[in-house]
Amino acid sequence: MKALILVGGFGTRLRPLTLSVPKPLVDFANKPMILHQIEALKAIGVTEVVLAINYQPEVMLNFLKDFEEKLGIRITCSQETEPLGTAGPLALARDKLADGSGEPFFVLNSDVISEYPLKEMIEFHKSHGGEASIMVTKVDEPSKYGVVVLEEATGQVERFVEKPKLFVGNKINAGIYLLNPSVLDRIELRPTSIEKEVFPKIAAEKMLYAMVLPGFWMDIGQPRDYITGLRLYLDSLRKKDASKLASGTHIVGNVLVHESAKIGEGCLIGPDVAIGPGCVVEAGVRLSRCTVMRGVRIKKHACISSSIIGWHSTVGQWARVENMTILGEDVHVCDEIYSNGGVVLPHKEIKSSILKPEIVM
Amino acid sequence: MMGSSEEKVVAVIMVGGPTKGTRFRPLSFNIPKPLFPLAGQPMVHHPISACKRIPNLAQIYLIGFYEEREFALFVSSISNELKVPVRYLKEEKPHGSAGGLYNFRDLIMEDSPSHIFLLNCDVCCSFPLPDMLEAHRRYGGMGTILVIKVPPESANQFGELVADPVTNELLHYTEKPETFVSDHINCGVYVFTPDVFAAIQGVSTQRKDRANLRRVSSFEALQLPNRSLPADFVRLDQDILSPLAGKKQLYTYETMDFWEQIKTPGMSLRCSALYLAQFRFTSPHILATGDGIKSATITGDVYIHPSAKVHPTAKIGPNVSISANARIGAGVRLVNCIILDDVEIKENAVVIHAIVGWKSMIGRWSRVQAEGDYNAKLGVTILGESVSVEDEVVVINSIVLPNKTLNLSVQEEIIL
C-alpha cells in the first residue's frame, strides 16, 4: 500500500526553528515531525511513502536514507518545481501512487499530529464503497477553518464551507485522506486545491465520505499549537503506553525524557514537557509545558515554561524563560536573564532581558 | 632609495565571516555581506577598485571566514574584469585583526612588497590610497592609519585617536572609550611596511612569555587583561596601535571625504547612496539618465543594470539602485531604495527607503516604505528573498524574512 505526505513549503510559521531544518524534520516529542506519520503508516502495512516537497530536497533526502534502513519502508521524494497546492502534488506523484493494483492510497498533511487510526479508516473506506474517505475532527471554533458538512449516519459528505460566518457544522478537514486511484484522474498537474476543487466534485457525486477522528488532533505548524499539541500527544501516550513517560518524585504530569538526557538534583519537571537526546538539565531547574531539543543545556536554578528551546542552545543560571519564548538553534541565554516571549533567531547570545514579546534577529 | 617602479604593493582586505555578526540579517541569509551590492557593485568591489589605483599593485588578498566556494566565482570574475590578481584566503580559526594578517604573511610577502595595505571590507569611503601611500613614505614610519573627524557624540563607537598636528604622528589610541578622548577616529584603512609582522610576532611572544610565568598569584592573574587570549590572537587596535602610539612608528592621514561603517542593511542603503554620489564624479557614465519620454524619468543618482527593464512612465530616484533582470512596471515610483535581482514591481507601486530582496514581487498600487532612519532597527524596510507583497498592500517600517507573502498591511513589524 502507498502513501503521500504533503510536506509543501518553507515552514515560515515555525521560524526560527525552520531556519535550521526543513519543517518535517523539526522534532516533536523527541522525534522528527514526519517520523510520527511514517511510523503510523508503516504500522498498517504501507510499503512506500512519497514525500511531496518543494524546499531543501537535499536535506530531506539525507534524512530519509537513515530512516529507510531503520524502518524498512521505502521513502521517495516528489519535488514540485512550482507550488502545486494541496492536490497538484498528487498528480505529480501519480506514477508512484497508482501502481495498477487498484488499492487506495493515503494522503497525509505533514503538519498534523493525531492518533492515526489508519486501520479503522481502511475498514470505513471498504464499508462505504465510495471513491474517497477523509478524516474530520470536531473543533470549538469551526469558522477558523473549512467546515465539512456531512450526513451523521453514513458520513456521506454533503459540502465544504470555507470559514462559514453562520454555524453549519463543527467538523473540519483533519488532513488525512484515503483515496481510490481513480481520484488521480480528476487532478490536473497544476496548482490545485483538494478542498476547493477536487473534493466538492466527488461529494456532488455522493462518493466522498467522512469519518470522525477519534482521539486528539492538532495542526502543529505554529509554535502555540505545537505546545498545545505536545500536551495532547503526551495525554494520549499516557493512555496507550505509560511506560514511555518519565516517573519519579521530580516528575509532575506527563513528561517525556530521552534516555540519553541527564536531569540533576532538586528539579521539578512537568507537566507536558519533552526533553530530547543529549540534554543536560542541571540541579534545581523547573520546566513546565515546554520542549527542550537535542543537545540543550539548562543551567542551575533556571525556570522555563510554555516555550521551545532549540537544538544546542543553553539557558543560563537563574534565567526565567516563559510565555511562548522560542529559541532557535544555538542560542545562549545568559545567567539571570528574563525572556517574556522572546523569539530568537539562531546563533545569538541574549545578554539582556526581553521584557515583552519581541523578535531578536 | 630604490626607484618607485621597483617597489611592489600588496593589498589585504578583511571580509569577515558568517558567524562574526548577525547584524546583517535578513540579507545575510542569502548572500555573504561582502558580496551584497552597493550602487550596483558587490560591497568588496569598491575597496578592490580603489586598490587598483595604487601604483605597482601586485596582488590583492581577501581574508575571511567564509567558505572558499562562496567567493570563488566573484574572485575569478573580478580578477578578469579589473586585470589584477585577487585571491580569497580562508582563515581556519580566529586570530584577531592583526593575527589574521600575520597568519598569511608568507603569501603576502611572496611578491616582496615594500608596502602592505590593510582594509576592512565593511568600510564605505573614498579610499584615497595613492595619497595615503605617498604620505606614509614621507612620514617614514611602520604604519599609517586613515582617520576622519566625526561628531563628538558618535566618536566612542570607534577607535578614538590623537595625532600630532604638525608631524601627524599617532600619539594616543583608545578603542571605544567610555569617556571622550578625541573626535578623530580610526577608519579601518591602513598601510604598513613589512616590519609590522615583526611587531605582531612581538605581541605573540610577549604573551607566551607572560603565560609561562609561574609565580603569578591568583589575584594578579585576575588583573592581567589578556590572560584568556591565546598567544596567536593579536588585535590590531589594542595590541599594536595602542601600545605603539607615541613611539614615532605610527602616523595618521586624514580624509575629508565621506566615511561610514556598513554594519546593518539600513546602513548599506545609506552607503549605496554615497557610492552613487561618488560615481557622479568619477564615472558618471555608469549612472542612468532619462526624461520620461523614451525612458523612465530619472532624478538624482540612479544605477540601473543593463538587463533590467524599467517602464518609461516610472519615476526613479534619487538614490536608487536596480539590479539585474528586475522589471519595473508602469507608473512606479522608487525613492532611496535598492532593488535586487529578478524583482518584479507592478504598476503604480511605490517604494521609499527600502531594500527589496531577490525575486520578490511588489503588487499593483502597493506601498513599501520606511522613515529612512539608517540607524534605527526598523528605519529602512527590508524584504528578504522571494517576498510577495500583494496588490494595494502597505508595508511600513518592517522587516520581512524570505519566502513570505503579505496580503495584509503591516507597520513596525518583523515578519518571520
Return yes or no: is residue A:110 over 17 Å from the mean Cα position of the chain (by Cα) and away from every other protein chain (no Cβ under 14 Å)? no
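Matching residues to (1) in contact with a helix residue (DSSP H, G or I) (Cβ under 6 Å, 6 or more places away or on another chain); (2) away from every other protein chain (no Cβ under 14 Å); (3) of a type in the set (S, T, N, Q); (4) under 19 Å from residue A:80 (Cβ atoms):
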{"position": "A:7", "(1), (2), (3), (4)": "yes, yes, no, yes"}
{"position": "A:12", "(1), (2), (3), (4)": "no, no, yes, yes"}
{"position": "A:22", "(1), (2), (3), (4)": "yes, no, no, yes"}
{"position": "A:29", "(1), (2), (3), (4)": "yes, yes, no, no"}
{"position": "A:32", "(1), (2), (3), (4)": "yes, yes, no, no"}
{"position": "A:36", "(1), (2), (3), (4)": "no, yes, no, no"}
{"position": "A:44", "(1), (2), (3), (4)": "yes, yes, no, no"}
{"position": "A:47", "(1), (2), (3), (4)": "no, yes, yes, no"}
Looking only at residues that are part of a strand (DSSP E or B) and basic (Lys, Arg) in region A:134-169, which one is surrounded by the most Cβ atoms within 10 Å (Cβ to Cβ)? A:159
Mind listing whichever residues of region A:129-153 are touching a helix residue (DSSP H, G or I) at 6+ places or on another chain (Cβ under 7 Å) and farther than 26 Å from residue A:181 by Cα? none
Take region B:109-140 and flag every residue that is within 18 Å of residue B:64 (Cα to Cα) and either at pLDDT below 95 or not hydrophobic (A, V, I, L, M, F, W, C) (or both). B:120, B:122
Across region B:381-397, which residue is modelled with the highest pLDDT among those that are assigned to a loop (DSSP other than H, G, I, E, B) and under 13 Å from residue B:351 (Cβ atoms)? B:387
Has region B:284-307 got at least one residue that is buried (at least 16 other Cβ atoms within 10 Å of the Cβ) and within 13 Å of the chain's Cα centre (by Cα)? no
The one condition in (1) without any contact (Cβ under 8 Å) to a residue 40 or more places away in the chain; (2) within 14 Å of another protein chain (Cβ to nearest Cβ) that residue A:83 fails to fulfil: (1)
When every residue in region A:341-361 that is among the charged types (D, E, K, R) and facing chain B (nearest Cβ under 9 Å) is compared, the one farthest from residue B:22 (Cα to Cα) is A:358
Pick from region B:402-416 the residues that are part of a loop (DSSP other than H, G, I, E, B) and touching an Asp or Glu at 6+ places or on another chain (Cβ under 9 Å): which of them is nearest to the other protein chains (Cβ to nearest Cβ)? B:403
When restricted to B:190, B:253, the only residue modelled with pLDDT of 95 or more, of a type in the set (Ser, Thr, Tyr), in contact with a helix residue (DSSP H, G or I) (Cβ under 6 Å, 6 or more places away or on another chain) and over 30 Å from residue B:323 (Cβ atoms) is B:253
Matching residues, region B:382-396, being closer than 17 Å to residue A:360 by Cα and more than 14 Å from chain A (Cβ to nearest Cβ): none
Out of all the residues in region A:32-48, which are within 30 Å of residue A:273 (Cα to Cα) and surrounded by 15 or more Cβ atoms within 10 Å (Cβ to Cβ)? A:32, A:33, A:34, A:35, A:36, A:37, A:38, A:40, A:41, A:42, A:44
Please name all residue pairs, on different chains or six or more residues apart, with Cβ atoms under 6 Å, provided the first residue is in region A:240-269 and is in contact (Cβ under 8 Å) with a residue 40 or more places away in the chain and more than 14 Å from residue A:285 (Cα to Cα) and the second residue is hydrophobic (A, V, I, L, M, F, W, C) and outside any loop (DSSP other than H, G, I, E, B). A:256/A:274
Checking A:15, A:74 in turn, the sole residue that is crowded, with 23+ Cβ neighbours inside 10 Å and of a type in the set (D, E, K, R) turns out to be A:15
Residue A:98 fails exactly one of the following numbered conditions: (1) among the aliphatic types (A, V, I, L, M); (2) modelled with pLDDT of 85 or more; (3) surrounded by fewer than 21 Cβ atoms within 10 Å (Cβ to Cβ). What is the number of that condition? (2)
I want to confirm something. Restricting to region B:130-159 and keeping residues that are more than 19 Å from the chain's Cα centre (by Cα) and not in a helix (DSSP H, G or I), which single residue is nearest to residue B:256 (Cα to Cα)? B:151
Find the residue count for region A:188-217, including only residues that are in a loop (DSSP other than H, G, I, E, B) and at pLDDT below 90. 7
When restricted to B:368, B:335, B:351, the only residue surrounded by fewer than 24 Cβ atoms within 10 Å (Cβ to Cβ), in a strand (DSSP E or B) and of a type in the set (Val, Ile, Thr) is B:335
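The values are calculated or read from the model by the stated rules, or taken from the named source; none is laboratory data. Computed from a prediction, not measured in an experiment: that's the story for all the values here. Every residue, glycine among them, receives a Cβ derived from its backbone with ideal geometry; neighbour counts consider all protein chains shown.
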